[in-house]
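Enquirer: Once you've had a glance at the structure underneath, I'll fire off some questions.
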Amino acid sequence: MTMKNHLLKIAMLSLAVASAGCTNKETEEPDNSAPPDNNAAPIADAGSDRTVTAGESVTLAGSGSDADGTVTDYNWSQVAGPSVELGAGEGGAVTFIAPQTEEAATLELELRVGDDGGASSPPDTVIVTVWPALDKFLGTATESDDDYLNLTTYFDQVTPGNAGKWGSVEATRDQMDWAALDTAHNFAGNHELRYKHHTLLWGQQQPDWLADLSAEEQLQEIDEWMAAVAERYPDLDMIDVVNEPLHAPPAYMEALGGEGDSGWDWLITAFEMAREHFPDSTLILNDYNILNLEESTEDYLMLVELLQELELIDGIGVQAHFLEQISADTVQKNLDLLGGARLPIYVSELDINYADDARHANKLRELFTVFWEHPAVAGVTHWGYREGATWRENAWLLNSDETERPGLEWLRCYAIDGNEDCTVPEYVPAGWSGDESGLVLEAELFDEGEGLLASGEIISHVDVGDWIVFRGVEFQQGWDGLKVNYAKGEVEDGGATGSISVRFDCDDVNSCSEVASVPLPPTGGWNSFDTVDTEWEPTEGKHDVYLRFMSAANVGNIDWLRFGSTEVTRINLVEDGGFEGDTIDSGWSVWYTDEGELALTDTANSGSQGLSLSGRTDAGANRASYDLTGKVEAGETYPVSAWVSHSGPDAAQVTLSYKMRCNDIPDGDSSYSGIEDNTAVPANEWTQLSGELTVPADCDVINEVRIYFENTPLDVETLYYDDVEILGWGTAAPEPGNGDNLVEGDFEAGKGNWTAGNAEVSEPGTIEPSSEEAYSGEQSLKASGFFSSGEDTWGSYAAHDLTDLLEAGTTYAVSAQVLLSQDDVVSITRELNICDGLEQWVSVVEQEQVTAGQWTHLSGQFEVPAGCEFESAQIYFEHTTGGTDVYIDEISVTAQ
């Protein structure tokens, strides 16, 4: 039912709190005019609005300021709400006992202050919302049958995670699949648990067939959907009517009235229809990123009040994803704002995504305590609870062996058993470290911060004066550069150039000295990411790295920053992601089954060619896929982007996902994750899909990693792909124009001047072009029959003569791709004979450990000293153990 309370003005009830004690307030208004000497009136501050529980002792800490004098007295009075007895506190404080009430009630109090010159301030108002003690529930979301096995041990409320969404129930028009939803609903009923239906309408998940209907037909189908739910489940207690209206309005919103005069007519219509079909249910609005920032809370409260004025809403749902970096104080203040609406608050989707058990437990305790003790919160639903079965990878509570994670131990002690003395393990930050090439810090994973929003994979709402800190960053001497990846709108969109001030080891971030400044000019849009580079003096040792945002409002949306070697940059792990070559890169295939044909096509997003997939027989199995096995590393996150199109006839779904199999687990236990799902890709238009692929840090053995495109209906005959990027860190190939390659590098036309060495070895082995393995194209150079019998023997190698190709006083860059038939080492060496009277050997690449069957990029450089008059020169690959076949491809030696 709708909770509504009419405020009663209490004109005569008042209290003056002064230095001498309490006095009654006169009925006439005070004279706020300044005395003859032009004494300025002081300013009163009654403090922030509060939400409290009936019977609670409440203290309001009022204050005052005076520009030309001293505040001498504080006068509190109650002007609305159930009567309370005010008592003087210290300074400007006032205390009272919150009245008993059966539903939420509002008290309105005013504070005036007076100064030593006789002037009195205008009143400042504070609203105190009083709630009766609520019988709170602790619930979870369910997906599979296994979720029900231990559910009643910990939870007394159930929310179906996906089973209740329209797209799950009625994927095919007029064919209802209620099985999973029946399981959740019946389980709750059979075990006397509270049940919340999730959700009637959500822009991210509705039946695909709706897109083909007129607005009139869509409205009729919406009504039929609600009627069907109401008929099957006539006793629903709570319902998430609309999910994420601020972030994912449905494509069919025009059928519900569009924006209309209110700007939200479609939302009003949705709740009106829900009220008609579910007159006895608690109707709830649900959205995310509400508690992170005050302005987000206020935007959401505007929608709540719009529906509340029409008596259409009974509860406020707030998802609790992405709160890891938000302080408890911020969450408390924003809950207080929502609590002022006098509607119960449902924390609907709580999870804490930390792999470290202690860190997870400490943050869970910090946030859950705020939720559980807030007077307006009627219940908290944790979004899943079993390891391997939560929406966010590291947010589980119950381990796979059914032991409790420390966070669950605390939750059981505190919320289930009702104890106060419940502990969590101490959390000691692990710090941040990389390798000799550098370290990437994902912006949203900061340790502490203020004023901004951790929005999934970025930080946003970044403004002047906001800051974040990464504690315990371990720097290495070779890190001479800083890169920042960010997005920023143009000037007309509020995107003036801002900056990041980098500071170390601050006691006060506002006065800490700066070690580097990174300007952030507009990138072309708030979702258009670019990378800016800054060189700086390398440092060593461990530092707390503070980033303070400067110079202009709306500094930018920050994705990541990287401290490291300037020689290392982002490179595309897809060898020909633009499909401009003569053949398709060998990493592409039709997977999970091989039915379908991949081909180069002149349908392209850019350039002259793209990739096509036709002849599919199964929308879920004939997937265009790219194999990344051997190209990615544990603990790394890789940005992924691809442009897709299709032949139609209508808009269709295209999902970009990835498969991960680690540590030799059975293939059937592989994990599958979505990167982006677009359910309405237009026909014959190019659409970008993007996101991130993360390899878990504990993936010690990477068995298989691949991206793939799936879920497109079979009435789409041909799919097109172009400009596929999976960005990793590495040394980029030499830019065109840096000089011609001095050696034969691709072996498509033979081995060129590569020879088997050395001459002092009777059986040096053989080298020949081979199609057995190729990094690109059709062939590589295979070196076999080689041996290296210890440090006292030269061994044998693949070599190229450079005698007539090198010039004194010149530096040369060397790059090569190498694959070995077994785990082994390989080196690249440059020899000069004679230079400065000596025969010189220089390691271009020292003994690099190479994993069998994986292409490994080797790179380095060497210098020919000025004035060096050599008789001969060569470059060669050596130090690989006898019996190991060596495949070499894409070799370049270029003058810099």
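Enquirer: Only one of these conditions is not met by residue 638: (1) over 20 Å from residue 584 (Cβ atoms); (2) part of a loop (DSSP other than H, G, I, E, B); (3) under 24 Å from the mean Cα position of the chain (by Cα). Which number is it?
Expert: It fails just one condition, (2).
Enquirer: Would a scan of region 488-501 turn up a residue that is over 18 Å from the mean Cα position of the chain (by Cα), surrounded by fewer than 15 Cβ atoms within 10 Å (Cβ to Cβ) and closer than 29 Å to residue 329 by Cβ?
Expert: yes
Enquirer: Continuing with this model, one more query. If you scan region 164-179, which residues turn out to be surrounded by fewer than 22 Cβ atoms within 10 Å (Cβ to Cβ) and under 28 Å from the mean Cα position of the chain (by Cα)?
Expert: Going residue by residue through region 164-179, those that are surrounded by fewer than 22 Cβ atoms within 10 Å (Cβ to Cβ) are 167-179.
Result: 167, 168.
Enquirer: OK, next. Determine the pairs where a residue that is closer than 18 Å to residue 97 by Cβ and in contact (Cβ under 8 Å) with a residue 24 or more places away in the chain, located within region 62-83, has a partner that is polar (S, T, N, Q) and assigned to a loop (DSSP other than H, G, I, E, B) with Cβ atoms under 8 Å apart, the partner being 6 or more residues away or on another chain.
Expert: 82/101
Enquirer: Next question. Determine if region 285-296 includes at least one residue that is charged (D, E, K, R) and closer than 14 Å to residue 317 by Cβ.
Expert: yes
Enquirer: Is it true that residue 120 is in contact with an Asp or Glu (Cβ under 8 Å, 6 or more places away or on another chain) and among the hydroxyl-bearing types (Ser, Thr, Tyr)?
Expert: Spelling it out, residue 120 is indeed in contact with an Asp or Glu (Cβ under 8 Å, 6 or more places away or on another chain) and among the hydroxyl-bearing types (Ser, Thr, Tyr).
Enquirer: Restricting to strands (runs of 3 or more DSSP E) lying wholly in region 557-606: which have 1 or more residues that are surrounded by fewer than 18 Cβ atoms within 10 Å (Cβ to Cβ) and under 23 Å from the mean Cα position of the chain (by Cα)?
Expert: Those strands (runs of 3 or more DSSP E) span 569-572.
Enquirer: For region 262-278, which positions are assigned to a loop (DSSP other than H, G, I, E, B) and either within 32 Å of the chain's Cα centre (by Cα) or not hydrophobic (A, V, I, L, M, F, W, C) (or both)?
Expert: 262, 263, 264
Enquirer: I need every pair where a residue in region 416-429 that is touching a residue at least 12 places away in the same chain (Cβ under 8 Å) has its Cβ under 7 Å from the Cβ of a residue that is of a type in the set (S, T, N, Q) and buried (at least 16 other Cβ atoms within 10 Å of the Cβ), sequence separation at least 6 or different chains.
Expert: Within 7 Å, the pairs are 424/362; 427/362.
Enquirer: Conditions: (1) under 30 Å from residue 574 (Cβ atoms); (2) outside any strand (DSSP E or B). Residue 807 meets all but one. Number of the miss?
Expert: Unmet for residue 807, out of (1) under 30 Å from residue 574 (Cβ atoms); (2) outside any strand (DSSP E or B): (1).
Enquirer: Let me ask something else about it. Is it fair to say residue 128 is of a type in the set (A, V, I, L, M), touching a strand residue (DSSP E or B) at 6+ places or on another chain (Cβ under 6 Å), in a loop (DSSP other than H, G, I, E, B) and farther than 30 Å from residue 404 by Cβ? Give the derivation first.
Expert: On the way: of a type in the set (A, V, I, L, M): yes; touching a strand residue (DSSP E or B) at 6+ places or on another chain (Cβ under 6 Å): yes; in a loop (DSSP other than H, G, I, E, B): no; farther than 30 Å from residue 404 by Cβ: yes.
Answer is no for this residue.
Enquirer: Moving to a separate point now. Can you name the number of the only condition in (1) part of a strand (DSSP E or B); (2) free of Cβ contacts under 8 Å to residues at least 60 places away in the same chain; (3) among the β-branched types (Val, Ile, Thr); (4) closer than 23 Å to residue 347 by Cβ that residue 152 fails?
Expert: Condition not satisfied by residue 152: (1).
Enquirer: Residues in region 218-229 that are among the aliphatic types (A, V, I, L, M), more than 14 Å from residue 272 (Cβ to Cβ) and in contact with an Asp or Glu (Cβ under 9 Å, 6 or more places away or on another chain): how many?
Expert: Within region 218-229, residues that are among the aliphatic types (A, V, I, L, M), more than 14 Å from residue 272 (Cβ to Cβ) and in contact with an Asp or Glu (Cβ under 9 Å, 6 or more places away or on another chain) number 1.
Enquirer: Touching a helix residue (DSSP H, G or I) at 6+ places or on another chain (Cβ under 8 Å), charged (D, E, K, R) and closer than 30 Å to residue 490 by Cβ - does that describe any residue in region 523-535?
Expert: Within region 523-535, none of the residues are touching a helix residue (DSSP H, G or I) at 6+ places or on another chain (Cβ under 8 Å), charged (D, E, K, R) and closer than 30 Å to residue 490 by Cβ.
Enquirer: Of these, 451, 456, which one is under 25 Å from residue 288 (Cα atoms), surrounded by fewer than 22 Cβ atoms within 10 Å (Cβ to Cβ) and within 15 Å of the chain's Cα centre (by Cα)?
Expert: Sole residue among the options that is under 25 Å from residue 288 (Cα atoms), surrounded by fewer than 22 Cβ atoms within 10 Å (Cβ to Cβ) and within 15 Å of the chain's Cα centre (by Cα): 456.
Enquirer: Here is a follow-up. Looking for whichever is without any contact (Cβ under 8 Å) to a residue 60 or more places away in the chain, under 30 Å from residue 569 (Cα atoms) and not basic (Lys, Arg) here; the options are 726, 707, 702, 675. Which one fits? First the steps, then the outcome.
Expert: Details: 726 fails: without any contact (Cβ under 8 Å) to a residue 60 or more places away in the chain; 707 fails: without any contact (Cβ under 8 Å) to a residue 60 or more places away in the chain; 702 fails: without any contact (Cβ under 8 Å) to a residue 60 or more places away in the chain.
It is 675.
Enquirer: I need the full set of residues from region 385-417 which are surrounded by fewer than 23 Cβ atoms within 10 Å (Cβ to Cβ), small (Gly, Ala, Ser) and outside any helix (DSSP H, G or I), in order please.
Expert: Selection gives 388, 389, 400.
Enquirer: Return the residue satisfying two criteria in turn: it lies in region 679-712 and is part of a strand (DSSP E or B) and over 28 Å from residue 662 (Cβ atoms), and of such residues it is nearest to the chain's Cα centre (by Cα).
Expert: Here the answer is 688.
Enquirer: Could you tell me whether any residue of region 594-608 is under 30 Å from residue 860 (Cβ atoms) and modelled with pLDDT under 85?
Expert: no
Enquirer: Another one. Filter region 279-312 for residues that are in a helix (DSSP H, G or I) and not aliphatic (A, V, I, L, M) and give the result.
Expert: Quick first cut of region 279-312, residues in a helix (DSSP H, G or I) only: 294-309.
Within region 279-312, 294, 295, 296, 297, 298, 299, 300, 305, 308, 309 meet the criteria.
Enquirer: While we're on this one: Can you tell me which residue in region 862-896 is farthest from the chain's Cα centre (by Cα), limited to those that are part of a strand (DSSP E or B) and surrounded by fewer than 18 Cβ atoms within 10 Å (Cβ to Cβ)?
Expert: At the first step, the residues of region 862-896 found to be part of a strand (DSSP E or B) are 862-864, 872-878, 886-895.
If we keep only those that are surrounded by fewer than 18 Cβ atoms within 10 Å (Cβ to Cβ) as well, we get 863, 872, 895.
On the way: 863: 44, 872: 56, 895: 42 Å.
Ranking the candidates gives 872 first.
Enquirer: Can you tell me which residue among 73, 146, 135, 68 is farther than 30 Å from residue 199 by Cβ and either assigned by TED's automatic domain parsing to the domain that holds residue 369 or assigned to a loop (DSSP other than H, G, I, E, B) (or both)?
Expert: 68
Enquirer: May I ask you to say which residue of 615, 635, 648 is without any contact (Cβ under 8 Å) to a residue 24 or more places away in the chain, over 25 Å from residue 774 (Cα atoms) and surrounded by fewer than 18 Cβ atoms within 10 Å (Cβ to Cβ)?
Expert: Working: 635 fails: without any contact (Cβ under 8 Å) to a residue 24 or more places away in the chain; 648 fails: without any contact (Cβ under 8 Å) to a residue 24 or more places away in the chain.
Exactly one residue qualifies, and that residue is 615.
Enquirer: Okay, moving on. Can you tell me which residues in region 857-880 are hydroxyl-bearing (Ser, Thr, Tyr) and more than 15 Å from residue 782 (Cα to Cα)?
Expert: Matches in region 857-880: 859, 872.
Enquirer: So, one more: Here are the criteria: (1) over 24 Å from the mean Cα position of the chain (by Cα); (2) assigned to a strand (DSSP E or B). Tell me which single one residue 616 does not satisfy.
Expert: (2)
Enquirer: Just a yes or no: is a residue in region 46-54 assigned to a loop (DSSP other than H, G, I, E, B), modelled with pLDDT of 95 or more and either touching a Cys at 6+ places or on another chain (Cβ under 6 Å) or closer than 22 Å to residue 118 by Cα (or both)?
Expert: yes
Enquirer: Follow-up question, since we're still on this one. Out of all the residues in region 296-318, which are free of Cβ contacts under 8 Å to residues at least 60 places away in the same chain, surrounded by 20 or more Cβ atoms within 10 Å (Cβ to Cβ) and under 23 Å from the mean Cα position of the chain (by Cα)?
Expert: Result: 297, 300, 318.
Enquirer: Still on this structure: Just to be sure, is residue 352 under 27 Å from the mean Cα position of the chain (by Cα) and assigned to a strand (DSSP E or B)?
Expert: So residue 352 fails the test.
The values are calculated or read from the model by the stated rules, or taken from the named source; none is laboratory data. Keep in mind it's a predicted model, so treat the numbers as computed, not measured. A quick note on method: Cβ atoms are made from the backbone with ideal geometry, for glycine too, and the neighbour counts reach across all protein chains shown.
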